[in-house]
Amino acid sequence: MRLLAVFVALCACLSFVAPLQGQDDTSPPDGSVDPLRDDAQNQVVVSVTLDGLETYDRDAVLKVLGVQEGQRWPAVLNYRSGVKRVFDTFGVIVLEPRFVIVAGGVTVTIPVQELKVDLDPRFVGNDRIKEEKLREWAMLFDREQIYVHEADNIRRRIENGYRQQGYRFAQVDYVIGGPEGQAGATADVIFRISEGPKVRVTKITVEGNENLPDTGWGLWRGGLRKLAEVETKGVGALRWWGKPFVEERLAADLVAMLQVYRDRGFADVRIAVDELIYSEDRSKVHVKIIVDEGPLYRVRSVSIEALEREWDGTLREWRESPADLILPEEELRELLETRVGFPPEAARIAHDRGQLGRYYGERGYLAQEYFTDPLAGGWQWLEPVYLWDAESHEVDLVFRFVQGRQRSIREVKFLGNLHTRDRVLRREVKVLTGTLANLAEIERGLARVRGTGYFSDQLDLTHPEATVRLEVDPEDPDKVDVLYEVEEGRVVNVNLSGGVTSDQGVLGILSISMKNFEAGRLPGGFWSGWGEIYRKEAFHGNGETFLLDIAPGSQISYYKLFYSHPDIFGSHFDRWTASGQFEDRLRRYRSHDSRRQSINLNLGHLFEQGDFSISFGPQWQEIEIDDVDAPGSVPGVLTRSAGTSEFQGLTFNMRYSSLDNRMSPRKGLYLTWNNTLYGGGLGGDNDLWQSTFLFDTYRTLGSDDLDARPGLYFGGEVGVNHPFGDTTEAHYGERKFYGGASTMRGFDFRGVGPNEGEFAIGGETFLRLTGEYRYPLYTTPIPGTSRRREMLRGFFFIDAAILDPDSFELDLAEHRSAAGFGFALTNPIPLKFNFGFPMHKGLGDDVEVFSFRLDLR
């Protein structure tokens, strides 16, 4: 019966979708007319009979169908839509209507068939899976009733749901009760479930993978399964019983392993399941996979072909024709990593694609992917042609691409910056009107806009990133507009929080920060101002920074007020900046208490867009050291520094940055050289020159196609605190100390010597080096893009340092080093957890294996 009902429904639908050609002009012999004839459509409906309707209200069905007595018969397309709506709403099949012409119009008889319905389907045998989950699998959700003809589809969905959970042998069938042959009658559908055991993979064995053998364990695992990122896994450290066995997952793993081989030049590889070995109770399975690698192909020749593409609007397809290379072929070949004699590896080809695209893009031939118009005619990579020779196991490789046309910049526009002034964005973008387009510079501008943090929201992972697109000038196809699209982000943060860190103890923080501040954009009034600030209508939009921190704590308490202006003369490029900061910080150490009050004023100059900058200005600070432990139990330099000391001086700093992102860099170099001169003719109680050089380098590893990639970090600092004049030693509060989560992991905060007794004496000369290997552990998709955002990473590190108590001296015998590993959250809060183990330590050093901190630059 259910097959008959489905067949009738299909026939009814086909009767209204069939072409209208070839119909006979004569009316049916019973006097009715074809409902699709124009003369029927133009007639007024005198009366309507729904033949076979028993359960539902006649007027309700006619309303959904779109047919009303006293009105003209609806148009063909409208009537067909009504037929579908009636079926979706009532489960009623509408058959072909019959018309009889009468005085004043037509009478219509519409045969209908009501499908049998079960108002409360039942599920039996589901011991391990709740009915709520079964309904979800069956896509019933909140529906209480089902139509009988749906039962077979529901059975398949439930069975598939069990398969996805590892119930390999689950079976589902159903029985239908209720009166037979009665249209519209209720039925009783019972789904009978035989769950069987939940099958888990205890072991997976791959044989024949001689060139890609599985090696290592855990994070050090390598080989075929690691490269293919297989999801079918056996018993492991965090999988004591193995993963559920899912056949679809295993099939996908086989495809992934095939692709790994083919990406490395094994074009004839074959991979299949050799055997599934089940335990006696069928709850465990050992998966055996066999690999026939076949020969490794090598590149016999590499050709470069340029093509022209023209869209054929009639055939609706691209027409390709050969074209001459615009740029010298010798220059293009020098960019390629794919060479004769090398395997045709996908990673090399992807690298070559990127290199060729960048080379053309830097010369005005912009990539098609950035254009909004698919017919813009930009540079476009086409699928390479592989000509395989099965006898010699060689391949002739043809790189093909569309060169497009060389373009210049007509205009640079910014969209979406509703409250941020254009000049804030323009100073980040070096793309200028009238110049030759340079894709590398356009992308660099996008990276700098993202790096400001003005258009992101770390607390909302759905917030879209800034993007760039290109539009062709309709009057001159050789010119383009560059459009940077942004969405205002979270730049006003009012946080009341508390926590504990390994270096600072218990800490409470009230923080008010505005990183896209504008002091001159005042609110309309006191009470309305709060809403205006929240809506970014006040104190927002000029790229200034305002920060107020109040932080009481058990070991450290401080408050800080900071303000900076990024462009005091409005010059955009080669701009001058100004900043000022006041801070009052109290720190309680085991040996003493230290209070530091400081005022810093800086005037800076950023060359061009600010990759290189200098800054200078006055600095004043007062350091008060009290509650010092008894002399002899603490370093002598600490005892001699007790009391209040005043420092007055000037700072001069230089900075260079090529980081891809200021907040969370992955590539680039960051250099700073900071100098402060206290005393002399500048006043104060101390004569001291401080000079520190710091560097950070970041590099990504792996394929350019990956958004979250492994990477290397290498950084450090070297510097000196040199007393002069009447000062014979650097003040204890101005000496360098190492140890803790921020410097030397594996050692306690200020736990690195040399020491006097139980306490470090600090260094006047210092050197620190750090190396890290970072690996993404968890990523999430970025909304609106195909890219992914790194959320959690693991890392291994080595830290080394030397502190020397005298200026301009370094005793290598006093070096300290540690190695370890850790995990870091990157979003929404950059929190870093370290496990460090000293490899070389000195007498009196304090060890701390675990440490953590907020990882802010």
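Read the figures in this text as sums done on the coordinates, not as results from a lab. The shown structure was predicted, so the numbers you read here are calculated from the model rather than taken from an experiment. Positions of Cβ are generated from backbone atoms using ideal geometry, with glycine treated the same way; all protein chains shown enter the neighbour counts.
Results, tabulated for the structure shown:
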item	result
S408 paired with E337, simple spin-label distance in nm, labels 7 Å along Cα-to-beta-carbon	3.7
Formal net charge of residues neighbouring Q609 (Cβ-Cβ distance under 12 Å; K, R +1; D, E -1)	0
Long-range HN-HN contacts of Q406 with modeled amide H, under 5 Å	none
The chain: calculated mean residue ellipticity at 222 nm from DSSP helix runs of at least 4, using -39500 (n - 2.57)	-4500 deg cm²/dmol
For segment 758-857, alpha-carbon Rg and Dmax in angstrom	17.6, 57
Sites H393 and D214, calculated FRET efficiency, Cβ-Cβ separation with R0 30 Å, nearest 0.05	0.75
The chain, Rg to Rh (Cα coordinates; Rh as Kirkwood inverse mean 1/r)	1.07
Where GluC sites (Glu not before Pro) fall in DSSP loop in segment 540-633, at most 13 other Cβ within 10 Å	E608
Whole-Hz ³J(HN,Hα) from phi, Karplus 6.51 cos²θ - 1.76 cosθ + 1.60, for segment 667-672, glycine and proline x	9, x, 10, 9, 10, 9
Ranked by how many other beta carbons lie within 10 Å on average, peptides 423-430, 202-209 from highest	423-430, 202-209
Segment E207-Q597, extension gain: residue separation times 0.36 nm, minus the distance between their alpha carbons	133.5 nm
In Hz, Karplus ³J(HN,Hα) per residue of segment 227-233 (6.51, -1.76, 1.60; θ = phi - 60°; x = Gly, Pro)	5, 7, 6, 5, 9, 7, 9
Vicinal HN-Hα couplings computed from phi for segment 794-811 (Karplus, 6.51 cos²θ - 1.76 cosθ + 1.60; Hz; Gly/Pro x)	x, 7, 10, 9, 9, 10, 9, 7, 9, 10, 10, x, 10, 6, 6, 9, 9, 8
Charge context of A801, other residues only, Cβ under 10 angstrom, K/R +1, D/E -1	0
Sparse-neighbourhood loop sites, GluC sites (Glu not before Pro) in segment 711-760 - DSSP loop, at most 16 other Cβ within 10 angstrom	E758
Kyte-Doolittle mean at least -0.5, axial Cα span of 15 Å or more - DSSP H helices of the chain	2-17, 76-90, 247-262, 439-451
Amide H contacts of V847 (H built 1.01 Å from N, under 5 Å, at least 5 apart or other chain)	D748
Loop-located GluC sites (Glu not before Pro) in segment 759-828 whose Cβ has at most 15 other Cβ within 10 Å (DSSP)	E809
Of K133/K284; K413/K515; K116/K198, those spanning more than 27 Å from alpha-carbon to alpha-carbon	K116/K198
Segment Q71-S47, length gained on full extension (0.36 nm per residue, minus Cα span)	7.6 nm
Rounded to 5, percent antiparallel among DSSP beta bridges of segment 400-500	50
Kirkwood Rh, Cα atoms: Rg over Rh of segment 277-411	1.18
Relative packing of 125-134, 190-199, which averages over residues the other C-beta atoms within 10 Å, highest first	190-199, 125-134
Cα pair distances exceeding 18 angstrom across segment 109-151, given as percent	38
Value of relative contact order over segment 237-297, rounded to a whole percent, pairs C-alpha under 8 Å and six or more apart	30
